[in-house]
There are 2 protein chains.
Amino acid sequence: MGATNRQVVLARRPEGPVTADCFEVRDGAAPELTEGKALLRTRYVSIDPAIRGWISPRGSGYLPPVGIGEPVRSNGVGVVVESANPDLPVGAVVTALTGWQELSLVGSDWAEPFTVGTIAPDGATALDALTTLGQSGMTAYAGMHAVLRPQPGETVVVSSAASSVGSMAGQIARLAGARVVGIAGTPAKCAWVVDELGFDACIDYRTEDVADRLKELCPGGVQVFFDNVGGELLDTVLRRIAPGARILLCGSLSTDDGDEAYRLRNYPRLMSRRASMVGFNTIDHWDLYPEATAQLARWIASGEVRTRTEVVDGLDAAPELLVRLFSGDHLGKLVARVDPDAP
Amino acid sequence: MGATNRQVVLARRPEGPVTADCFEVRDGAAPELTEGKALLRTRYVSIDPAIRGWISPRGSGYLPPVGIGEPVRSNGVGVVVESANPDLPVGAVVTALTGWQELSLVGSDWAEPFTVGTIAPDGATALDALTTLGQSGMTAYAGMHAVLRPQPGETVVVSSAASSVGSMAGQIARLAGARVVGIAGTPAKCAWVVDELGFDACIDYRTEDVADRLKELCPGGVQVFFDNVGGELLDTVLRRIAPGARILLCGSLSTDDGDEAYRLRNYPRLMSRRASMVGFNTIDHWDLYPEATAQLARWIASGEVRTRTEVVDGLDAAPELLVRLFSGDHLGKLVARVDPDAP
C-alpha cells in the first residue's frame with residue numbers, strides 16, 4: 001500500500017445548487033492505523049442526497065458540516081487492508097462512511113456510530129452491500145416496513161419514486177398489499193416505476209398538477225406518505241391526506257440543494273385529520289439490519305423487488321455525479337467506482 | 001316545558017377576530033323527540049377555542065361549518081327532560097354538543113359520535129362533567145397521559161398553559177415526574193401556573209423572547225410539547241426540540257381567531273431531530289373516558305390537580321365570553337350558565 005490517499009475534498013461551500021467546482025481532488029496522507037480500528041481501501045462510494053446537507057454550513061442536524069479542505073463525507077464500501085480490530089479482519093468487505101477517498105479508518109464501537117464499519121451480509125457483493133442491502137435498502141425497509149407499516153388496501157404515496165430509496169420503498173409497500181402511487185420528475189422515471197416496479201400509478205410533478213392527480217388517484221385520501229422531497233410537494237400531499245394518515249419525513253431533496261427554505265402552509269391538516277408526521281433516520285433502526293438484509297436479499301433474488309444501480313468509473317467522477325443526482329435524469333442508485341480493480 | 005327554545009345563532013361569519021355582533025339571540029322551536037333520542041335541557045355551555053373553527057367557512061376539518069342562522073355548536077351539559085332512549089333516562093345529567101340553546105336532542109349511537117350524549121360520572125356535578133371531568137379533562141388526560149406519555153425527568157412544554165386544557169395537561173405531566181415549562185400570555189397566568197399549579201417555570205410570550213427562554217429553561221431541548229397554539233409559537237418551539245421529541249397538535253389558538261394562516265419554517269427539524277408531530281382529537285380516545293374521569297376525580301379530590309372555572313350567568317353572555325376567550329384575560333375554563341336554576 002502506498003503512502004498516499006487520493007481524496008475529493010470540499011473546496012468551497014455551494015451557494016444554491018451544487019456545482020463540480022465546489023470540490024478538488026488531492027493526494028492526502030494515508031491514515032495511520034490506531035487501536036481498535038481497521039484501515040479500509042474504498043471500492044465504491046454512493047452518491048446520496050444526504051451529502052448535500054453535510055457540505056452545507058449547518059450540516060445535517062445529526063452530523064456537523066464537512067470542513068473546507070476535508071474529504072467529502074459519503075457512504076462507501078471497501079476491503080479491510082490492515083486491522084487492529086478482530087471484528088474487522090483483513091479481507092473483510094465493509095460498508096462505512098468512508099468519505100470520497102481511497103483509504104479510511106473504521107471501528108466497531110457503537111458509541112461512535114458514524115465511524116462504525118459494518119461487514120457485508122453473507123453472499124452479498126460489495127456493490128449490493130453499499131446499495132440495495134446497504135443504506136438505501138435499510139432506509140426503505142425500516143421506513144416503510146418497520147415504521148409506516150402499510151396495510152393491505154391502503155393507499156401509499158412515495159415521492160422521489162425513481163430514486164434508490166423511493167423505488168424500493170414503493171415496492172415494499174406493494175408487497176404489503178398496498179396501492180402505491182409514485183411521484184417522480186420525468187416520463188422515463190414514471191414509466192420505470194409503473195412498468196418495471198409495479199407501482200399502481202406515478203405522477204410526473206413537472207408536467208402534471210400533483211394536487212389534482214392525487215385527488216383522482218387517491219379518492220379516499222393519502223393514508224401513508226413516504227416523503228423524500230419535502231417542501232412544496234409535502235405541502236401539496238398534506239392537502240390530500242386521509243384521516244389518521246402517517247407521514248414519514250425521510251428526505252428533503254427539494255431543499256437539500258440549496259433552495260430557499262420552503263415554508264409549510266398545510267400543517268394544520270395534521271390536526272384536522274389526526275395525522276402524524278415523523279422524522280426518520282436509518283441510524284435509529286440499525287438493529288433491523290440482519291432482518292432487513294435477509295428479507296431484501298430474498299425479495300431481490302426472487303425478482304419481487306427490482307433495483308437499478310448505475311456505476312461510473314473513478315473517484316474523480318463523484319462531484320459530477322452529485323450534480324447529476326439533483327439534475328434528475330437517473331434511475332435508481334448512482335455509484336462511483338473508486339478502486340479500478342473492484343469487480 | 002314550553003314550546004320555545006332560546007338560542008344564540010350565527011348571524012354572520014367573523015372576518016378576523018370574532019366579535020359579539022356575529023351572533024343573534026332568538027326564540028326557536030323546541031325540537032321534537034324522535035326514536036332513540038332524548039331531549040336535553042341545557043344547564044351550562046362551555047366556551048372553547050374549537051367554536052371559532054366551527055363558525056369559520058371551512059369548519060374544523062372533522063365537522064362541517066355552522067350554518068348562518070343555526071345555533072352555535074358548543075359543548076354543554078344538561079338534564080334529560082323527555083326520553084325515547086333507555087340509556088338516557090329522564091333526570092340524567094348528560095354532556096353533549098348541545099349548542100348554544102336551551103333544548104337539544106341527543107342520542108347514544110356511536111355511528112354518529114357528534115350527537116352522542118354521555119352520562120355524567122357518578123358523584124360529579126353537572127359543571128364538573130362539562131369541564132374538568134369532561135372535554136377539557138379528557139383532552140388533557142388522553143393527550144398527555146395516553147399519547148405523549150412523559151417520563152420522569154423529561155422536559156415538557158405546554159402552550160396556552162393557563163387554559164383549561166393546558167393547565168390540566170401540565171399538571172398531569174408534573175404528576176408523571178416530568179419538568180414542566182408553560183407558555184402563557186400574562187404575568188397573572190404565569191404566576192398561577194407556577195405558584196398554584198406547580199409548573200417549574202412559565203414563559204410570558206408577550207414580554208419575553210420565547211426562543212431565548214426555552215434555551216435557558218430547557219438546556220437539553222424540549223422532549224415533549226403539548227401544543228394548544230400552533231403558528232409562530234409552534235415554529236419557535238420546533239427550533240428547540242430535542243432528538244426524538246414528541247409534539248402533540250391539540251389546538252391552534254393562534255390561528256383559530258381568523259389570523260392569516262402562518263407558514264411553518266422549522267418543520268425540517270422534525271427530520272434532523274427524528275421527532276414526531278401528531279394531530280390530536282379527543283374523539284379518537286373516548287374509550288378512555290371511564291379511566292380518565294376516575295383518575296382525574298381522584299387527583300382533583302386529593303388536590304394534586306387544581307382547576308379553575310369561571311361561570312357567567314346567561315346564555316346571552318356566550319358571545320362576549322367567546323370574545324374574551326381570545327382576548328386572553330381569563331384563567332382556566334369559561335362557562336355560561338344557561339339554566340338560571342342550575343346549581
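The values are calculated or read from the model by the stated rules, or taken from the named source; none is laboratory data. Since the structure is predicted, the reported quantities are computational estimates derived from the model, not experimental observations. All Cβ positions, glycine included, derive from the backbone under ideal geometry; neighbour counts span all protein chains shown. Calculation scope for accessible area: heavy atoms of the full protein, side chains included, ligands and nucleic acids excluded. Shrake-Rupley method; radii C 1.70, N 1.55, O 1.52, S 1.80 Å.
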Inset, instruction - Kindly indicate which of B:G166, B:G170 is touching a Phe, Trp or Tyr at 6+ places or on another chain (Cβ under 6 Å) and either at pLDDT below 95 or closer than 23 Å to B:N281 by Cα (or both). - result: B:G170
Inset, instruction - Pick out, from segment A:178-234, the strands (runs of 3 or more DSSP E) lying fully within it that include 3 or more residues that are free of Cβ contacts under 8 Å to residues at least 24 places away in the same chain. - result: A:201-204
Legend entry - From B:A111, B:A92, B:A84, B:A29, residue being of a type in the set (A, V, I, L, M) and touching a Gly at 6+ places or on another chain (Cβ under 7 Å): B:A84
Inset, instruction - Would you be able to tell me the number of residues in segment B:298-321 that are open to solvent by 30 Å² or more (accessible area, probe 1.4 Å), over 17 Å from the mean Cα position of the chain (by Cα) and of a type in the set (A, V, I, L, M)? - result: 3
Inset, instruction - May I ask you to say which residue of A:L130, A:L103 is crowded, with 22+ Cβ neighbours inside 10 Å, out of contact with any Cys (no Cβ under 8 Å at 6 or more places or on another chain), modelled with pLDDT of 95 or more and under 25 Å from A:G28 (Cα atoms)? - result: A:L103
Legend entry - Lone qualifier among A:R12, A:R58 - being more than 24 Å from A:G137 (Cα to Cα) and either away from chain B (no Cβ under 14 Å) or surrounded by 15 or more Cβ atoms within 10 Å (Cβ to Cβ) (or both): A:R12
Legend entry - Hits in segment B:140-154 (condition: part of a helix (DSSP H, G or I) and either open to solvent by less than 10 Å² (accessible area, probe 1.4 Å) or at pLDDT 95 or above (or both)): B:A140, B:Y141, B:A142, B:G143, B:M144, B:V147, B:L148
Inset, instruction - Confirm whether B:V180 is surrounded by 16 or more Cβ atoms within 10 Å (Cβ to Cβ) and within 29 Å of B:G53 (Cβ to Cβ). - result: yes
Inset, instruction - Consider B:D341 carefully, then state whether it is touching a Ser or Thr at 6+ places or on another chain (Cβ under 8 Å), more than 14 Å from chain A (Cβ to nearest Cβ), open to solvent by 40 Å² or more (accessible area, probe 1.4 Å) and not in a strand (DSSP E or B). - result: no
Inset, instruction - Restrict the check to segment B:161-168 and report whether at least one residue is within 14 Å of chain A (Cβ to nearest Cβ), at negative phi and part of a helix (DSSP H, G or I). - result: yes
Inset, instruction - For segment A:61-80, enumerate the residues that are open to solvent by 30 Å² or more (accessible area, probe 1.4 Å), within 14 Å of another protein chain (Cβ to nearest Cβ) and free of Cβ contacts under 8 Å to residues at least 60 places away in the same chain. - result: A:G61, A:P64, A:P65
Legend entry - Output for segment B:264-297, where each listed residue is under 18 Å from the mean Cα position of the chain (by Cα) and facing chain A (nearest Cβ under 7 Å): B:V278, B:G279, B:F280, B:N281, B:D284
Legend entry - Residue within segment B:260-283 that is within 30 Å of A:A242 (Cβ to Cβ), in contact (Cβ under 8 Å) with a residue 40 or more places away in the chain and surrounded by fewer than 19 Cβ atoms within 10 Å (Cβ to Cβ) present: yes
Inset, instruction - Give the residue, chosen from A:D316, A:D339, that is touching a residue at least 40 places away in the same chain (Cβ under 8 Å), of a type in the set (D, E) and touching a Gly at 6+ places or on another chain (Cβ under 9 Å). - result: A:D339
Inset, instruction - Could you check, for segment A:25-32, whether at least one of its residues is in contact (Cβ under 8 Å) with a residue 24 or more places away in the chain, assigned to a loop (DSSP other than H, G, I, E, B) and either more than 14 Å from chain B (Cβ to nearest Cβ) or open to solvent by 30 Å² or more (accessible area, probe 1.4 Å) (or both)? - result: yes
Inset, instruction - Check segment B:242-256 and report whether any residue there is in a helix (DSSP H, G or I), out of contact with any helix residue (DSSP H, G or I) (no Cβ under 7 Å at 6 or more places or on another chain), open to solvent by 10 Å² or more (accessible area, probe 1.4 Å) and away from chain A (no Cβ under 14 Å). - result: no
Legend entry - Hey, B:T118 crowded, with 19+ Cβ neighbours inside 10 Å, among the hydroxyl-bearing types (S, T, Y) and within 19 Å of the chain's Cα centre (by Cα) or not: yes
Inset, instruction - Might you check whether a residue that is within 14 Å of chain B (Cβ to nearest Cβ), part of a helix (DSSP H, G or I) and either of a type outside the set (G, A, S) or under 12 Å from A:Y44 (Cβ atoms) (or both) occurs anywhere in segment A:298-313? - result: no
Legend entry - Considering residues of segment A:197-236 that are among the β-branched types (V, I, T) and more than 13 Å from every other protein chain (Cβ to nearest Cβ) only, the residue nearest to A:A169 (Cα to Cα): A:V224
